[in-house]
Structure formats: structure tokens, C-alpha cells
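Visitor: Supplied in C-alpha cells, the structure appears directly below.
The values are calculated or read from the model by the stated rules, or taken from the named source; none is laboratory data. Predicted model only: the values in this text are computed from it and were never measured. All Cβ positions, glycine included, derive from the backbone under ideal geometry; neighbour counts span all protein chains shown. The area values use the complete protein model at the heavy-atom level, side chains included, leaving out ligands, DNA and RNA. Shrake-Rupley method; radii C 1.70, N 1.55, O 1.52, S 1.80 Å.
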Amino acid sequence: MSIRELGYVVVGSTDNAKWRQFATEVLGLMAEDAPDGRLHLKMDGRRFRFLILPAAEDGLIASGWEVQDQIAYRTARETLAGKGVEITDGSAEDAAIRYVQEYFTFADPSGNRHEVYWGPISDFARFQSPIGVSGFVTEGMGLGHVVLPAPFAFEETHKFWTEVADFGLSDILKISMLPGMPPLRIQFYHCNPRQHSLALAEMPSPANCIHVMIEVDSIDEVGRALDRVAQYQVPVVMSLGRHVNDDMISFYIVTPGNFALEYGWGGVVKDWTNHQVFETTTPSHWGHRLGG
């Protein structure tokens, strides 16, 4: 399918004011109102990376995956259709809302919704954080990564992403979340030099997402964000720590979408020709304690 990056996420919201405050005052993103109650959250030269849509429930609606051009787009569509995947073509109106040339939607075997698109449209206005965040790491690697639930069809979903979507398996984590609980699987997948753009977790999520990661360009921005988390009393899911697989120094907080957001720095950029897939039984070298 030749997917290049995670280009955007589409999020349903019952209260845009909460997202606006969270994004601008805690994360340091730019926020722009759009027609019909939509909200754009900007973190680089793109028009947005988070598209917030009015909805009856809070949660992730879809992950948006970018391909290089129209030829790659048509090839991706033909590949999925040839595998019997049900595809819905996005209307011209909805493509305009996403600021892309064309897109289609599909569900992976775990029911996670995805959009594939080509030709992002932007005025490439400069990103200027309302609270002075210096910048986010997106160039050539997309907005970050998304971790999606796969509690009942894990193997089928793994095969889909590696054999149909042509993602590479980066590494495997098996961990017991609570004492006495059997280990569950989290597997990580790449489509560019970022250590992973997608992960599948053997657990459910009412919000259709475990977490989304965004990466800042300085460790100091992580520290300043932690100060803002404390100031605004944002619930902490996991404390500051450093991951084994991607070396990311990060923390996790609860979003208004009822899924978590990982805010980090220092993610490794990989040369996949020299990579060895491995399994770990611990997620972090240090930190990342549940509940902060």
C-alpha cells in the first residue's frame, strides 16, 4: 500500500472548548475554528494534524494515512479491494474538510477505522505555539504514532498490517498490566524512519484508541509540559520515563477524547536495513509508572 506516514487523526468531541484549552494551554498546539463546529489543531506547516469533529461521544474516529501521490493512492485502493476489504470512498465535500485531494475509509480486522489519502492541501503557514513550544518532530515521519485496540483479532490484524498494508514489525512487548494478570501483547510497526507509527494492543478501548503520541524537539519542552500538566491538574496515566524500544523520554496524560496522549522527546530514527526485531518484557528503562 506504500503508506508513508500517519498524517492526521480524526477525533469526535462532545465539547470543543475542552479540546481547545487542552491543546493550546497544555500541549502548546495552535487551534483554529472551522465551519460547522469543527476544530483544527496545528503542530507544523500542515493545516492541521488533529481534526476535531462534533460528535455524540468522545473518542477516536479514524487514523489518516498518507501515500505519495495519486498512483500510490489508486494502488492502495486496488490492493485492499482485491483482498476483499470493504472500502468507502470519501465524498468531495469530506475530502475538502480534510484538506486532501481524495481519501477512502476502511476498517482493519479489529474494527479500527482508517483513512488513506493523497495530496494534502495547506497554506504552510508558520507554526507559532501560543505558549512558546519551540516545535514538534513531524518532517518525513508524520504527526507521531497511534496505538490501537486489538483485543479479539490480534493475529488477523497483525497479518493485515504486515502482509497487506506492508508495514514492518519493529518489536514486540509482552507485559502484565497488573499483578496476577496474564501478559498481553503490544506490537509495534513502522512505515518510515520513526521507530513506530502504529502499534496494536491486546486490550479494549471504549474510546477506540489506547494513545496518540506527539514528539517535541527538546527535552526542556517535555519538562515545561509537565509543569503545565500539574498547573491544570490534568490526570496523568504514566509518569515520566524512557522507553526500551524507541528511547523516547515521555509521559502520558488523559485527553478530552478519553484516550491517552504521550508527550515525548528523543525518539530514535531507524535505519531498518540494520534492525533486528526483538521482544521485551518491560516497556521502559526507567519511569513510566502507572497513575503517575
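Visitor: Looking only at region 263-290, which residues are out of contact with any Leu (no Cβ under 9 Å at 6 or more places or on another chain), surrounded by 15 or more Cβ atoms within 10 Å (Cβ to Cβ) and closer than 19 Å to residue 185 by Cα?
Guide: 284 - this is the single residue of region 263-290 that is out of contact with any Leu (no Cβ under 9 Å at 6 or more places or on another chain), surrounded by 15 or more Cβ atoms within 10 Å (Cβ to Cβ) and closer than 19 Å to residue 185 by Cα.
Here's the yes/no breakdown for (1) β-branched (Val, Ile, Thr); (2) under 23 Å from residue 141 (Cβ atoms); (3) more than 18 Å from the chain's Cα centre (by Cα):
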position: 28; (1), (2), (3): no, yes, no
position: 45; (1), (2), (3): no, yes, no
position: 58; (1), (2), (3): no, no, no
position: 68; (1), (2), (3): no, yes, yes
position: 75; (1), (2), (3): yes, yes, yes
position: 91; (1), (2), (3): no, no, yes
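Visitor: Inspect all residues belonging to region 215-231 and state whether any of them is under 18 Å from residue 7 (Cα atoms) and without any contact (Cβ under 8 Å) to a residue 60 or more places away in the chain.
Guide: no
Visitor: Something else: Name the residue, out of 166, 227, 217, that is touching a Ser or Thr at 6+ places or on another chain (Cβ under 9 Å), among the charged types (D, E, K, R) and farther than 25 Å from residue 85 by Cβ. Please lay out each step first, then the result.
Guide: Numbers: 166 fails: farther than 25 Å from residue 85 by Cβ; 227 fails: touching a Ser or Thr at 6+ places or on another chain (Cβ under 9 Å).
From the options 166, 227, 217, the qualifying one is 217.
Visitor: So residue 73 ticks every box in (1) aromatic (Phe, Trp, Tyr); (2) in contact with a Cys (Cβ under 9 Å, 6 or more places away or on another chain); (3) farther than 22 Å from residue 211 by Cβ but one. Which box is left unticked?
Guide: (2)
Visitor: So which helices (runs of 4 or more DSSP H) stay within region 1-120 end to end and still have 1 or more residues that are aromatic (Phe, Trp, Tyr) and open to solvent by 20 Å² or more (accessible area, probe 1.4 Å)? Explain how you work it out, then say what you get.
Guide: Working: elements: 16-21, 70-82, 92-98.
Helices (runs of 4 or more DSSP H) meeting the threshold: none at all.
Visitor: Within region 155-260, considering only strands (runs of 3 or more DSSP E) that don't extend past its boundaries, which have at least 3 residues that are open to solvent by less than 50 Å² (accessible area, probe 1.4 Å), among the hydrophobic types (A, V, I, L, M, F, W, C) and under 20 Å from residue 137 (Cβ atoms)?
Guide: On the way: elements: 168-175, 184-190, 198-201, 211-215, 236-243, 249-254.
Here the list reads 211-215, 249-254.
Visitor: With the condition kept exactly as written, say whether any residue in region 182-195 is hydroxyl-bearing (Ser, Thr, Tyr), closer than 24 Å to residue 272 by Cβ and touching an Asp or Glu at 6+ places or on another chain (Cβ under 7 Å).
Guide: Here is the first cut: in region 182-195, the ones hydroxyl-bearing (Ser, Thr, Tyr) are 189.
This time we only want the ones that are closer than 24 Å to residue 272 by Cβ, so: 189.
Checking the rest, the ones that are also touching an Asp or Glu at 6+ places or on another chain (Cβ under 7 Å) come to none.
No; the residues of region 182-195 include none that is hydroxyl-bearing (Ser, Thr, Tyr), closer than 24 Å to residue 272 by Cβ and touching an Asp or Glu at 6+ places or on another chain (Cβ under 7 Å).
Visitor: Okay, moving on. Let me confirm something: among 120, 179, 130, which residue is over 21 Å from residue 59 (Cα atoms) and at pLDDT below 95?
Guide: Details: 120 fails: at pLDDT below 95; 130 fails: at pLDDT below 95.
After ruling out the rest, the residue left standing is 179.
Visitor: In region 121-154, how many are free of Cβ contacts under 8 Å to residues at least 60 places away in the same chain and part of a loop (DSSP other than H, G, I, E, B)? Don't jump to the end; show me each part of the working.
Guide: Here is the first cut: in region 121-154, the ones free of Cβ contacts under 8 Å to residues at least 60 places away in the same chain are 150-154.
Of the ones still in play, those that are also part of a loop (DSSP other than H, G, I, E, B) are 150-153.
Of the residues in that region, 4 qualify.
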